[in-house]
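The values are calculated or read from the model by the stated rules, or taken from the named source; none is laboratory data. Only a predicted model underlies this, so the values are computations on that prediction, with no experimental measurement involved. Here the Cβ positions follow ideal geometry from the backbone for every residue, glycine too, while neighbour counts run over all protein chains shown.
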Amino acid sequence: MIHKALLSIVFAGLLSAKDSKPNFVFLLVDDLGLGDFGCYGAKFYETPHIDKLAADGMLFTNGYAACTVCSPSRAAILSGCYPARLKLTDWITGHKKPFAKLSVPKWETRIDHKRVLLPEALKEAGYATAFFGKWHLMPIGQPDFDKHYPTSHGFDINVGGREWGQPKGKGKYFSPFGMPGLDDGKPGDFLTNKLTDAAVDFLEKKQDDPFLLYFSYYTVHGPVMAPPALVKKYTEKAKTFNNAKNEHLEPRRAGMVEALDNSVGRLVAKLDELGIAENTVIILTGDNGGNYDTTTAGLKGFKGFSHEGGVREPFVVKWPAKIAPKSTCSEMVIGTDFYPTMLEAAGLPARPDQHRDGVSLLSLLNGKNELKRDTLYWHYPHYHRTMPYGAIREKNWKLIEFYEEGDLELYDLAKDPHEKNNLATKNPKKAQELLAKFKAWKKSVDAQAMTPNPNHDPNREKGRAKKPKKKKTTK
Ligand SMILES: [Ca+2]
């Protein structure tokens, strides 16, 4: 009897130890604008499941992506390092601008295998790790291309991840998909739904293990395609919609967002059904700002731009065991923070030699609205929709430096969240103070600098990226 009692105590102890290790469902949406969800102000798009997710957990109002384009932002999440430190600073494979004023540094198109990435750290600790969706972290055209699938970077399984930055199968968002590990389905099947089927299947199989379900949605990146019934719904809605906030009434994109919302709803429902929702951390965010066809909640710029519309993201965390419902947090948080956050949430030791630029958000999730960090940084030595630039945000101040001419823009985001009043000439002291900090940071992470381009030819610089919304330029 004593033995039996002892055994049951030990067993209960083991159970609670296991229970204390949370599961992680990490949901990364592609090209997600700050204004895309109801809980961040959308009225045209309908996202009841995501709104409920936010209401059941914590909604962040100063969430950031580590880059204004895909690949660097994704690498930052997986590594806990700024793209500048990784030297992986542009979307793969980037634009070529051979005649531009500055030469783009020789940047990386792969993550070094020596790094212990988030899924690898969790896998070491006994987690089942699964990747679904868009990867976009492979050195296209290089001999080691095949060594950079998700399964070479810590994921047990890969459903859908390859070099693509968007669906490029025969049917694009519709069957056939042409993606590894994903059945091509039948004509008319929609990619978001099929990936969700696979993720739900994983949950059913792994419900007894601690797991990391990393769902990196291809949506809502273009091509803008949605199931016909949803397109019809939003085409009708647009006809009578009271567009008080001047939202972008694009029925297909609205349909993509609703399909995403349905996917999130299915995952949450499955966790509830399996009885594992209480100790599962669900995180939902985006890799960079929304594209031209969406609404950025009034922020300036879109994906690819240096201003807030390029990097501010919805950022939601639900963890019933720890986070009080209807919580909000205004601290600045960024993609590099997920890695240390998940380690601490799992009771695992931090790996400061790995996630060098991340800060654990656990204290925030526990209700303390403070973080020991005042500054965030971005370094984009590339030509895209924006001119090459770097930026620092320190508390409410944001400084942007455009690398070609050294032009500065300074904003007080508390008073001017839409970046309309450049204060760089009015407040040169603050501008120079932030610039000095920004330069010191670049040095500290060994950021790659641009150099004068010996082939610079203004007459051949066609399609040259323009600074958004500055004074009109003459061609
Ligand atoms: Ca993206």
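Restricting to strands (runs of 3 or more DSSP E) lying wholly in the stretch 380-463: which have 3 or more residues that are free of Cβ contacts under 8 Å to residues at least 40 places away in the same chain?
By residue number, 397-402, 407-412.
Do we find a residue being more than 14 Å from His382 (Cα to Cα) and outside the structural domain of Arg393 (by TED's automatic domain parsing) anywhere in the stretch 83-92? So that I can check it myself, show each step before the final result.
Taking the stretch 83-92 and keeping what is more than 14 Å from His382 (Cα to Cα), we get 85-86.
Still in the list and also outside the structural domain of Arg393 (by TED's automatic domain parsing): 85-86.
Yes, the stretch 83-92 contains a residue that is more than 14 Å from His382 (Cα to Cα) and outside the structural domain of Arg393 (by TED's automatic domain parsing).
Does Glu409 count as under 22 Å from Ala66 (Cβ atoms) and either assigned by TED's automatic domain parsing to the domain that holds Pro98 or surrounded by fewer than 21 Cβ atoms within 10 Å (Cβ to Cβ) (or both)?
Numbers: under 22 Å from Ala66 (Cβ atoms): yes; either assigned by TED's automatic domain parsing to the domain that holds Pro98 or surrounded by fewer than 21 Cβ atoms within 10 Å (Cβ to Cβ) (or both): no.
For Glu409, the condition - under 22 Å from Ala66 (Cβ atoms) and either assigned by TED's automatic domain parsing to the domain that holds Pro98 or surrounded by fewer than 21 Cβ atoms within 10 Å (Cβ to Cβ) (or both) - is not met.
Taking only the stretch 40-76 into account, find how many residues are outside any loop (DSSP other than H, G, I, E, B) and away from the ligand (no atom under 16 Å from the Cβ).
Here is the first cut: in the stretch 40-76, the residues outside any loop (DSSP other than H, G, I, E, B) are 40, 48-55, 58-60, 63-64, 70-76.
From what's left, away from the ligand (no atom under 16 Å from the Cβ): 40, 48-55, 58-60.
Here the count works out to 12.
Of all residues in the stretch 172-195, how many are away from the ligand (no atom under 16 Å from the Cβ) and either outside the structural domain of Met256 (by TED's automatic domain parsing) or more than 25 Å from Asp146 (Cβ to Cβ) (or both)?
Total meeting the criteria: 9.
List the pairs whose first member sits in the stretch 292-307 and is without any contact (Cβ under 8 Å) to a residue 24 or more places away in the chain, whose second member is in a loop (DSSP other than H, G, I, E, B), and whose Cβ atoms are under 7 Å apart, counting only residues at least 6 apart or on separate chains?
Tyr292/Phe302
Please enumerate the residues belonging to the stretch 360-417 that are in contact with a helix residue (DSSP H, G or I) (Cβ under 8 Å, 6 or more places away or on another chain) and of a type in the set (Asp, Glu).
Those that are in contact with a helix residue (DSSP H, G or I) (Cβ under 8 Å, 6 or more places away or on another chain) and of a type in the set (Asp, Glu): Glu370, Glu394, Glu401.
For residues in the stretch 275-299 being under 18 Å from Phe26 (Cα atoms) and away from the ligand (no atom under 16 Å from the Cβ), which is surrounded by the fewest Cβ atoms within 10 Å (Cβ to Cβ)?
Glu278
Going by what's in this entry, would Trp107 be described as within 16 Å of the ligand (Cβ to nearest atom), of a type outside the set (A, V, I, L, M) and closer than 26 Å to Trp378 by Cα?
Numbers: within 16 Å of the ligand (Cβ to nearest atom): no; of a type outside the set (A, V, I, L, M): yes; closer than 26 Å to Trp378 by Cα: yes.
Here the answer is no, as Trp107 does not meet what is asked.
Looking only at the stretch 323-342, decide whether some residue is closer than 30 Å to Lys420 by Cβ, outside the structural domain of Leu399 (by TED's automatic domain parsing) and among the aromatic types (Phe, Trp, Tyr). Even if it seems obvious, please write down each step before you answer.
Start the filter on the stretch 323-342 by keeping residues that are closer than 30 Å to Lys420 by Cβ, which leaves 328-337.
With outside the structural domain of Leu399 (by TED's automatic domain parsing) added as a condition, the list becomes 328-337.
Then keep just the ones that are among the aromatic types (Phe, Trp, Tyr); that gives none.
No; the residues of the stretch 323-342 include none that is closer than 30 Å to Lys420 by Cβ, outside the structural domain of Leu399 (by TED's automatic domain parsing) and among the aromatic types (Phe, Trp, Tyr).
Return the residues of the stretch 57-97 that are surrounded by fewer than 20 Cβ atoms within 10 Å (Cβ to Cβ) and closer than 25 Å to Val281 by Cβ; say none if nothing qualifies.
Answer for the stretch 57-97, where residues must be surrounded by fewer than 20 Cβ atoms within 10 Å (Cβ to Cβ) and closer than 25 Å to Val281 by Cβ: Thr61, Asn62.
Quickly run through the stretch 145-171 and pick out the residues that are within 16 Å of the ligand (Cβ to nearest atom) and without any contact (Cβ under 8 Å) to a residue 12 or more places away in the chain. I'd like the intermediate steps shown before the answer.
We begin by selecting, within the stretch 145-171, every residue within 16 Å of the ligand (Cβ to nearest atom); these are 160-168.
Correct list: Lys168 only.
Residues being in a helix (DSSP H, G or I) and not hydroxyl-bearing (Ser, Thr, Tyr): count how many of those fall in the stretch 77-94.
Of the stretch 77-94, the ones in a helix (DSSP H, G or I) are 77-79, 83-86.
Pick out the ones that are also not hydroxyl-bearing (Ser, Thr, Tyr) and you get 77-78, 83-86.
Qualifying residue count for the region: 6.
Quick check on this structure: which one of Leu122, Leu137 is in a loop (DSSP other than H, G, I, E, B), under 21 Å from the mean Cα position of the chain (by Cα) and among the aliphatic types (A, V, I, L, M)? Even if it seems obvious, please write down each step before you answer.
Numbers: Leu122 fails: in a loop (DSSP other than H, G, I, E, B).
Exactly one residue qualifies, and that residue is Leu137.
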